[in-house]
Ligand code: R2B
Ligand code: URA
């Protein structure tokens, strides 16, 4: 059994003492403790090669997003927002030894890329959660910031997810383990979603809402697009599906939220998903925004998360 047994506010550790008020990240794998070394292969980190508690022990906010470029931009933005530019040399990619993912640390904030789709984010999350566990991090909040296709809402709107649902509109993630399907809940932290929504209302010209987010295994057929290399359904069927999704409370579609919600929930991490919408899928399938508009839209989730982190750190009203 892993040394930290509980993620609740009253944490019982293996030394028998109870620590009130600290919520540790926990892993649920009886084999981990007996391993002499844990190599986090895709992050190019390990328990023997790196002093993980020294490197990461103070992490309180983890932000994950698909694109390495965007996560570097977020790290640079947070460096400015937290006024940490002067204290460090150029920010370094902690995972530079691998080109699978990138990772930057800015004070208590970790910014990591996860690639596209469930398999890619899942690998990163296994290793990230073990990293936070080995580093003995506590009271960590994790947020996915990303892009998505909206349903029935103006492009540029930021959707804060209350529940991630699958292609059948169900709040579940089906993990295949050996030859079994294990169904996991995809509920996210409602209080955190509300808190983020309230902060979003303080930002001028910032359309935002709370809604369900549908997570699919594919960008084209899986999201009902008529413009992929393959399409075997009619325009009417597509529109009918998306309208039913809207009726079920779904306001956007992306490709990682169900596994993200399920894994974070099981490991005691308070999690949120904040995605900007790039188009209204009831209107079109292709993303044809001018570069500058796309850039500005993609900064919106970053702006909100920066405000959230600064509020939590008591630094609000500094910078942007
Ligand atoms: C949103 O955008 C990507 C596809 O373009 C995918 O990673 C996602 O969830
Ligand atoms: N990301 C998606 O997964 N779907 C979209 O339509 C846009 C971005």
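The values are calculated or read from the model by the stated rules, or taken from the named source; none is laboratory data. All values derive from a computational prediction rather than experimental measurement. Cβ sites come from the backbone with ideal geometry, for glycine too, and all protein chains shown count toward neighbours.
So the values come out like this:
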{"item": "Scope the range 105-144; condition touching a strand residue (DSSP E or B) at 6+ places or on another chain (Cβ under 8 Å) and within 16 Å of ligand 2 (Cβ to nearest atom); matching residues", "result": "113, 114, 118, 121, 144"}
{"item": "Enumeration of residues in the range 223-243 that are touching a strand residue (DSSP E or B) at 6+ places or on another chain (Cβ under 9 Å) and assigned to a helix (DSSP H, G or I)", "result": "223, 242"}
{"item": "In the range 220-252, the residues that are within 11 Å of ligand 2 (Cβ to nearest atom) and either within 18 Å of the chain's Cα centre (by Cα) or on the phi > 0 side of the Ramachandran plot (or both)", "result": "224, 252"}
{"item": "Members of the range 145-176 found to be on the phi > 0 side of the Ramachandran plot and within 14 Å of ligand 2 (Cβ to nearest atom), listed by number", "result": "152, 156"}
{"item": "Within the range 246-257, tally of residues that are in a helix (DSSP H, G or I), away from ligand 1 (no atom under 11 Å from the Cβ) and buried (at least 24 other Cβ atoms within 10 Å of the Cβ)", "result": "0"}
{"item": "Residue in the range 10-50 that is farthest from the chain's Cα centre (by Cα), counting only those that are modelled with pLDDT of 95 or more and over 30 Å from residue 96 (Cβ atoms)", "result": "34"}
{"item": "Residue check, residue 219 part of a helix (DSSP H, G or I), touching a residue at least 24 places away in the same chain (Cβ under 8 Å) and surrounded by fewer than 23 Cβ atoms within 10 Å (Cβ to Cβ)", "result": "no"}
{"item": "Filtered residues of the range 285-309 (kept if part of a helix (DSSP H, G or I) and either under 12 Å from residue 156 (Cα atoms) or at pLDDT below 95 (or both))", "result": "293, 294, 295, 296, 297, 298, 299, 300, 301"}
{"item": "Filter result for residue 97 (at negative phi and surrounded by fewer than 16 Cβ atoms within 10 Å (Cβ to Cβ))", "result": "yes"}
{"item": "Counted residues, the range 136-150 - those being more than 14 Å from ligand 1 (Cβ to nearest atom) and surrounded by fewer than 23 Cβ atoms within 10 Å (Cβ to Cβ)", "result": "4"}
{"item": "Residues of the range 269-284 classified as assigned to a loop (DSSP other than H, G, I, E, B), touching a residue at least 40 places away in the same chain (Cβ under 8 Å) and surrounded by fewer than 23 Cβ atoms within 10 Å (Cβ to Cβ), total", "result": "1"}
{"item": "Qualifying positions in the range 67-92 - in contact (Cβ under 8 Å) with a residue 24 or more places away in the chain and touching a helix residue (DSSP H, G or I) at 6+ places or on another chain (Cβ under 8 Å)", "result": "70, 73, 74, 77, 78, 81, 82"}
{"item": "Qualifying positions in the range 154-191 - touching a residue at least 60 places away in the same chain (Cβ under 8 Å) and either assigned to a loop (DSSP other than H, G, I, E, B) or surrounded by fewer than 11 Cβ atoms within 10 Å (Cβ to Cβ) (or both)", "result": "154, 155, 156, 157, 166, 169, 186, 188, 189"}
{"item": "Where a residue in the range 229-255 is closer than 14 Å to residue 162 by Cα and its partner, wherever it lies, is within 16 Å of ligand 1 (Cβ to nearest atom) and assigned to a helix (DSSP H, G or I), with Cβ under 8 Å and at least six apart", "result": "253/223; 253/245"}
{"item": "Residue 183 modelled with pLDDT of 95 or more and either closer than 20 Å to residue 280 by Cβ or within 16 Å of ligand 2 (Cβ to nearest atom) (or both)", "result": "no"}
